[in-house]
Amino acid sequence: MGGPIEAGESYLDYNATAPLRPEALAASVDAMQTVGNASSLHGAGRRAAEKVNRARRQVAGLLNCSPGEVIFTSGATEANNLALQISYTAGRSLVTSPVEHPAVLAAARALTRDHPDDLVLLPVAADGLVDLSALDRVLAARSGGTVSLMAANNETGVLTDIRIAAKSAHEAGAVIHTDATQVIGRLPVDVAELDVDFLSLSAHKFGGPQGVGALYVRRGARVLFRPLLHGGGQERGWRAGTLNVAGIAGLGAAAEAARISMEEEAARIAVLRDRLESQLLRNVPGCRINGRPDQRLPGVISITFPGVPADAVLAAMPDVAASDGSACSSGAPTPSHVLLAMGLSREDADCTIRFSLGHATTSSEIEHAAQAVVRAVAQVRSAMT
Ligand code: PMP
């Protein structure tokens, strides 16, 4: 059996989903091969519960929180929706940014549908940084509520200084949630140091299985008990439904593997990213990098090839997996809301490709991609003239 990446292909779409880590595969398969509902009191149930508890400790170890502060969910979409619902319902004010993932933006819009003035979007600069000085001004005019800002943007990799945002939020009596989906397992995150009240993560972005994630809820955080799912009372009533033991076991194993190798991986990935970026800048005339270069995730390149539609470039290089806009909205004719918020024209947004690298990216994938992209852009350009 080969690895998850086909020979002769470059998989550079880790922000959409990352290959499973071997540790996660082994833990999930082990759990699938055993029977047991984690809520059952018999031996089989207790063994399933032990797998879940182990994963809870592993996730807590990655975040530096206590296991009791981790609620398992079906992924970051659910974690974001839950965080906003339990905090907004308690506070009735929601401050976020226009570059958030739809799992925050659409959830925020839905929650505030009957009170649109409750929702404020902070300004974003041309380099993708959220204007945190505006946060203080906005919070001064409101009482309490919720601030929700992503730790890293999925399209550009641009990082937000969540520690500063948390300080502003708390000084104004607000709670803070961060969608850390693209950072967890890639850069160190310590929830105590960040001082956040809620944090969302998703296993499949850092080598765990798809369809499982978690919400960190700080013990003592000001929330209303408003679960999204009602039922059997699992996860102390916060998230009903039989626990996805195999998924959760895989999430835990990926968290532990990422914690151990993160430092070395981040350094290695940054070198590969810089190599791809410099080759593209050197060999494709007129291309431009989006997002503040010194405040980005190590594995992300958002690059605009002016006048060259991204979908045509991607179609011309099927052996390079990359993305135009975010995978969630790929196929939709709307341009990236993130790039538009940064001031790109609609045309430039449509000519932008995201490459995202991760734990299993190799230097031969980078060499292959660099050549394939240069060739594909030239091919599309010549077909257009
Ligand atoms: N937030 C961000 C920043 C993301 O990149 C994603 C995945 N594209 C999500 C939330 C949604 O995560 P999930 O796939 O686990 O629902």
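Some values worked out for this structure:
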| quantity | calculated |
| --- | --- |
| Selection status of V35, in contact with a helix residue (DSSP H, G or I) (Cβ under 7 Å, 6 or more places away or on another chain), in contact (Cβ under 8 Å) with a residue 60 or more places away in the chain and of a type in the set (A, V, I, L, M) | no |
| Residues satisfying the stated conditions in segment 150-167, i.e. open to solvent by 10 Å² or more (accessible area, probe 1.4 Å) and of a type in the set (G, A, S) | A151 |
| Sole residue being under 20 Å from the mean Cα position of the chain (by Cα), among the aliphatic types (A, V, I, L, M) and open to solvent by 10 Å² or more (accessible area, probe 1.4 Å), chosen from V196, V147, V191, V217 | V217 |
| Unmet requirement for Q85, which otherwise passes all of (1) within 16 Å of the ligand (Cβ to nearest atom); (2) surrounded by 22 or more Cβ atoms within 10 Å (Cβ to Cβ) | (2) |
| Residues located in segment 239-280, provided they are open to solvent by 40 Å² or more (accessible area, probe 1.4 Å) and charged (D, E, K, R) | R239, E256, R259, E263, E264, R268, D274, R275 |
| Filter result (within 18 Å of S40 (Cβ to Cβ) and among the aliphatic types (A, V, I, L, M)) within segment 210-248 | A240, L243, V245, A246, I248 |
| Failed criterion for V183 (all others in (1) assigned to a loop (DSSP other than H, G, I, E, B); (2) closer than 23 Å to A254 by Cα; (3) open to solvent by 40 Å² or more (accessible area, probe 1.4 Å) hold) | (3) |
| Output for segment 269-281, where each listed residue is of a type in the set (D, E, K, R) and either in contact with a helix residue (DSSP H, G or I) (Cβ under 9 Å, 6 or more places away or on another chain) or at positive phi (or both) | R273, R275 |
| Selection within segment 368-380 - closer than 23 Å to G207 by Cβ and open to solvent by 10 Å² or more (accessible area, probe 1.4 Å) | H368 |
| A60 being within 23 Å of the chain's Cα centre (by Cα), within 16 Å of the ligand (Cβ to nearest atom) and either at positive phi or crowded, with 20+ Cβ neighbours inside 10 Å (or both) | no |
| Any hit, segment 228-236, residues being at pLDDT 95 or above, in the same structural domain as L159 (by TED's automatic domain parsing) and within 16 Å of the ligand (Cβ to nearest atom) | yes |
| Of all residues in segment 2-42 being within 16 Å of the ligand (Cβ to nearest atom) and of a type in the set (A, V, I, L, M), the one that is nearest to R56 (Cα to Cα) | A24 |
| Contacts under 6 angstrom Cβ, first residue in segment 81-92 being hydroxyl-bearing (S, T, Y), partner at pLDDT 95 or above, 6 or more apart | S87/T146; S87/V175; Y88/L94; Y88/L111; Y88/T146 |
| Options V245, V183: the member that is assigned by TED's automatic domain parsing to the domain that holds A83 and closer than 18 Å to V99 by Cβ | V183 |
| Residue list for segment 150-176, filter: more than 17 Å from R218 (Cα to Cα), more than 10 Å from the ligand (Cβ to nearest atom) and small (G, A, S) | G157, S168, A172 |
| Scan of segment 1-44 for residues that are open to solvent by 60 Å² or more (accessible area, probe 1.4 Å) and of a type in the set (S, T, Y), ordered by number | T34, S39 |
| Complete set of residues in segment 322-367 that are open to solvent by 50 Å² or more (accessible area, probe 1.4 Å) and modelled with pLDDT of 95 or more | H337, L340, G343, S345, R346, E347, D350, T362, S363, S364, E367 |
| Per-region count, segment 88-142, residues within 16 Å of the ligand (Cβ to nearest atom), in contact with a His (Cβ under 8 Å, 6 or more places away or on another chain) and of a type in the set (K, R) | 0 |
| Test for D179: is it within 13 Å of the ligand (Cβ to nearest atom), in contact (Cβ under 8 Å) with a residue 24 or more places away in the chain and in contact with a helix residue (DSSP H, G or I) (Cβ under 9 Å, 6 or more places away or on another chain) | yes |
| Selected residue (only one of A110, A141, A134, A125 is modelled with pLDDT under 95 and among the hydrophobic types (A, V, I, L, M, F, W, C)) | A141 |
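The values are calculated or read from the model by the stated rules, or taken from the named source; none is laboratory data. This structure is a prediction, so every number in the text was calculated from the model and none was measured. We place every Cβ from the backbone using ideal geometry, glycine too, and count neighbours over all the protein chains shown. Heavy atoms of the whole protein, side chains included, go into the accessibility calculation; ligands, DNA and RNA do not. Shrake-Rupley method; radii C 1.70, N 1.55, O 1.52, S 1.80 Å.
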